[in-house]
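What follows is a single structure, written as structure tokens, with notes after it.
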Amino acid sequence: MDIVIRPETPADRAAIWDITKRAFAPMPYAGGNEQDLIDRLRDAGALEISLVADSKGRVVGHAAFSPAFAADGSPGWYALGPISVEPDLQRSGIGKALIAEGERLLRERDAAGCVLVGNPAYYSRFGFRPFPDLAPPGEPAAYFQILPLRVSNPDTVIGFHRLFYG
Ligand SMILES: CC(C)(COP(=O)(O)OP(=O)(O)OC[C@H]1O[C@@H](n2cnc3c(N)ncnc32)[C@H](O)[C@@H]1OP(=O)(O)O)[C@@H](O)C(=O)NCCC(=O)NCCS
């Protein structure tokens, strides 16, 4: 498939909302408001990196990266999510391409690391590792993972942007 990973433009806003809603809809762990979270992060200037997978002008995937916050005040932390791929096109490498480009851009910024809540069976292939002891309050510790970048041994609790909590 002919896919380009590129930053979002204002014209992508509706397509990102739509694909996120449809990708999360069947998921048992979905909160139901993932698509709105992206809009709220963007409106707050907190959508630091927003990548779309573009197939001949059609948005077929999206990944959001927002600032995350270390309890010890150390800078440079980010969170990945929500991430979505067009349901019919899942498991064909689009998610992988979005995460790889996101990681490249984070390294370019000298990011300390990137956190997420997700299935370790999937994210471990990208270098994310479970750090249950560093999960922020209220998050499922077993699913809290970090991709260490500049900081190779994270040792502080890392919290998500307040907009993740409504
Ligand atoms: C999660 C998601 C973004 C992954 O995107 P994708 O394009 O389907 O993933 P990829 O094809 O790049 O997957 C890369 C690898 O992970 C595997 N994989 C994909 N989804 C997986 C899953 N749910 N569990 C385990 N492995 C998975 C693929 O088989 C592939 O392995 P391979 O490289 O050995 O062939 C996509 O499935 C999706 O939109 N899901 C619904 C929304 C969602 O759950 N988002 C994440 C919430 S944490």
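The values are calculated or read from the model by the stated rules, or taken from the named source; none is laboratory data. Since we're looking at a predicted model, the values are computed, not measured. In this analysis, Cβ positions are derived from the backbone assuming ideal geometry, glycine residues included, and neighbour counts consider all displayed protein chains. Heads up: the accessible areas ignore ligands, DNA and RNA and are worked out on the full protein's heavy atoms, side chains in. Shrake-Rupley method; radii C 1.70, N 1.55, O 1.52, S 1.80 Å.
Have a look at G102, G95 and point out the one that is touching a Leu at 6+ places or on another chain (Cβ under 7 Å) and within 13 Å of the ligand (Cβ to nearest atom). First the steps, then the outcome.
Values: G95 fails: touching a Leu at 6+ places or on another chain (Cβ under 7 Å).
Of G102, G95, the one residue that is touching a Leu at 6+ places or on another chain (Cβ under 7 Å) and within 13 Å of the ligand (Cβ to nearest atom) is G102.
Tell me, which strands (runs of 3 or more DSSP E) wholly within the stretch 54-150 include 3 or more residues that are in contact with a Gly (Cβ under 7 Å, 6 or more places away or on another chain) and more than 25 Å from P10 (Cα to Cα)?
Values: elements: 58-67, 77-85, 113-117, 144-148.
Strands (runs of 3 or more DSSP E) meeting the threshold: 144-148.
Within the stretch 93-140, count every residue that is among the hydroxyl-bearing types (S, T, Y) and open to solvent by less than 10 Å² (accessible area, probe 1.4 Å).
Step one: filter the stretch 93-140 for residues among the hydroxyl-bearing types (S, T, Y), giving 122-124.
Imposing the further condition that a residue be open to solvent by less than 10 Å² (accessible area, probe 1.4 Å) reduces the set to none.
Number satisfying all stated conditions: 0.
Would you be able to say whether some residue in the stretch 9-31 is free of Cβ contacts under 8 Å to residues at least 60 places away in the same chain, of a type outside the set (K, R), in a strand (DSSP E or B) and open to solvent by less than 50 Å² (accessible area, probe 1.4 Å)?
no
Just need a number here: residues in the stretch 52-82 that are open to solvent by 30 Å² or more (accessible area, probe 1.4 Å) and either of a type in the set (K, R) or more than 20 Å from D133 (Cα to Cα) (or both).
Residues flagged as open to solvent by 30 Å² or more (accessible area, probe 1.4 Å) and either of a type in the set (K, R) or more than 20 Å from D133 (Cα to Cα) (or both) within the stretch 52-82 amount to 3.
Scan the stretch 83-90 and give yes if some residue there is more than 18 Å from L149 (Cα to Cα), among the hydroxyl-bearing types (S, T, Y) and either within 9 Å of the ligand (Cβ to nearest atom) or surrounded by 22 or more Cβ atoms within 10 Å (Cβ to Cβ) (or both), otherwise no.
To start, the set of residues in the stretch 83-90 that are more than 18 Å from L149 (Cα to Cα) comprises 83-90.
Still in the list and also among the hydroxyl-bearing types (S, T, Y): 84.
Filter once more, keeping what is either within 9 Å of the ligand (Cβ to nearest atom) or surrounded by 22 or more Cβ atoms within 10 Å (Cβ to Cβ) (or both): 84.
Yes, the stretch 83-90 contains a residue that is more than 18 Å from L149 (Cα to Cα), among the hydroxyl-bearing types (S, T, Y) and either within 9 Å of the ligand (Cβ to nearest atom) or surrounded by 22 or more Cβ atoms within 10 Å (Cβ to Cβ) (or both).
How about the stretch 39-57: which of its residues are in contact (Cβ under 8 Å) with a residue 40 or more places away in the chain and within 20 Å of Q90 (Cα to Cα)? Talk me through it step by step, then tell me what you get.
Step one: filter the stretch 39-57 for residues in contact (Cβ under 8 Å) with a residue 40 or more places away in the chain, giving 40-41, 44, 46, 49-56.
Answer for the stretch 39-57, where residues must be in contact (Cβ under 8 Å) with a residue 40 or more places away in the chain and within 20 Å of Q90 (Cα to Cα): S50, L51, V52, A53, D54, S55, K56.
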